[in-house]
1. Of the conditions (1) crowded, with 16+ Cβ neighbours inside 10 Å; (2) of a type in the set (A, V, I, L, M, F, W, C); (3) at pLDDT below 95; (4) touching a Lys or Arg at 6+ places or on another chain (Cβ under 9 Å), ALA222 fails just one. Which one is it?
2. Taking the stated definitions as given, is LYS287 basic (Lys, Arg) and outside any helix (DSSP H, G or I)?
3. Is one or more of the residues making up the range 391-406 over 14 Å from GLY249 (Cβ atoms), outside any loop (DSSP other than H, G, I, E, B) and modelled with pLDDT under 95?
4. All but one of (1) in contact with a Leu (Cβ under 9 Å, 6 or more places away or on another chain); (2) of a type outside the set (D, E, K, R); (3) at pLDDT below 95 hold for SER120, so report the exception by its number.
5. For the range 172-202, enumerate the residues that are in a loop (DSSP other than H, G, I, E, B), closer than 24 Å to GLU159 by Cα and within 13 Å of ligand 1 (Cβ to nearest atom).
6. Give the range 203-236 a look and list any residue that's away from ligand 1 (no atom under 16 Å from the Cβ) and of a type in the set (A, V, I, L, M), or say none.
7. Which residues, taken from the range 345-366, are touching a residue at least 24 places away in the same chain (Cβ under 8 Å), in a helix (DSSP H, G or I) and more than 24 Å from ALA254 (Cα to Cα)?
Amino acid sequence: MKKTESLEPAPPLGNVLVIGGSGVGKSTLINAVIGDYVAPTSWGKAGTEKLEIYQDESIPFRLIDSMGFEASSKRQHKAVSAVKRWSRECAKEGREDNQVNVIWFCVDGTAARLFEKTISQLNEATSMWKSVPVIAVITKSYSDYEKERNVQMVREAFEPHGEQGPLDVFRKKPDYSKRLKRIIPVVAQAWKQSETNVVAPYGIDELIELTNELMPEGLECAKGDLQDFVMARRRALSQGVIAPCVAAGAIVGALPLPIADAMVLAPVEATEVNAIARIYGLANGEKFDAISDTIIDVGTVSVAAKGAIGVLKAIPGINLAAEVLNATVAASFVAALGEGCVYVFEQICTGKMDDSDLESIRRYFEEILQSQEFLARVAEALRSMRGGMDPAAIARAVSILFAPAE
Ligand SMILES: Nc1nc2c(ncn2[C@@H]2O[C@H](COP(=O)(O)OP(=O)(O)OP(=O)(O)O)[C@@H](O)[C@H]2O)c(=O)[nH]1
Ligand SMILES: [Mg+2]
């Protein structure tokens, strides 16, 4: 790794990710921007997982040349995971400058029929950096005649398209049109069109200037995108903890024990709260023990818990065996507590909630158990229950109602 010799602390270099299909001209473009006397530093294994990192005093940003990916989603995945691993590794070394701040989407100007597919792949591949500015670079733009049309086609490829039917609400495609800042056709290297005609390079100055202009915005956006990405991952991991805990709640709740005070759920709730806290990196120290105790207290012996159980058991028109009713209520408590933990731990991690404010944490969980929404969801789960005691079916019904819509 290159070390800065100067005593002045270097200002943060922004990173430009250069990404596109193989052979579109990424390396040629980088060469035009940075000059061929700068040797890149290789990062990662050979093949698609390798990145070439270019840095030089003459350029105010760092360029990351990713290996081109084909239509194959496996190669695409590898190319993108290399960038993510690079980010993580730099973070471990304590470097702050490990994020992607501007992205150059490279598409081949001589292959316009691929634009739509390529742009949608590139958008997907870089969705982790969803608000980071994107410049679409149309490489090999040798033909003046095709230039205008190509720009138009790239623009259209960024528009959210496809009719959204009524059943598509859960599969809504993200809108990437806002990230596109400009479309720049370039020729990175003189091109010999015929014996007598050479197309001169162009577009490189515009690309450098715009990248510089966008860098402050890119540095800001990357921070937010990274945090959103990490939080979304943690949410998904938490679902993997909540589901088996809900199932355990259904089994424990069905035992012929009085659950009037929901105390039997304490061990399941403790497991759940601790496991989710571990995902959020919060599960140690006395401070956390106090949080965990507060949450479990609300979920077991609190007035809120007792009240909710009372209301739920008295819902008219539900004719279920006592054990089915108990198991469903127990599973729902575990589901709601898990969902609440995800929310509260996320608030703590992002500094929006104070981890020593136990009163607020307690109030938040009490409000969940007393909310109309919670009662309505459990009532719906109860109404959907058919037949006798089947903890797995109960856990499934409850999980469906509680799993957050993504
Ligand atoms: N004359 C000319 N040739 C270009 C230009 N851009 C790309 N090429 C040619 O296209 C071919 C592929 O370019 P590369 O820059 O290697 O493409 P790449 O995207 O880095 O490819 P991978 O690293 O394999 O993903 C090379 O033969 C380049 O010389 C250009 O602006 N002018
Ligand atoms: Mg290359």
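The values are calculated or read from the model by the stated rules, or taken from the named source; none is laboratory data. As the structure is a prediction and not an experimental result, all values here were calculated from the model. Positions of Cβ are backbone-derived with ideal geometry, glycine not excepted, and every protein chain shown enters the neighbour counts.
1. Status for ALA222: all satisfied but (4).
2. In short, no.
3. Yes, the range 391-406 contains a residue that is over 14 Å from GLY249 (Cβ atoms), outside any loop (DSSP other than H, G, I, E, B) and modelled with pLDDT under 95.
4. Only one criterion in (1) in contact with a Leu (Cβ under 9 Å, 6 or more places away or on another chain); (2) of a type outside the set (D, E, K, R); (3) at pLDDT below 95 is unmet by SER120, namely (1).
5. Result: VAL186, single match.
6. Residues of the range 203-236 away from ligand 1 (no atom under 16 Å from the Cβ): 209-236.
Passing the criteria: LEU210, LEU214, MET215, LEU219, ALA222, LEU226, VAL230, MET231, ALA232, ALA236.
7. PHE345, GLU346, ILE348, CYS349, LEU358, ILE361, ARG362, TYR364
A quick yes/no check of all residues on (1) within 12 Å of ligand 1 (Cβ to nearest atom); (2) modelled with pLDDT of 85 or more:
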residue	(1), (2)
ILE30	yes, yes
ILE34	no, yes
PRO40	yes, no
TRP43	no, no
GLU49	no, no
GLN55	no, yes
SER58	no, no
PHE61	no, yes
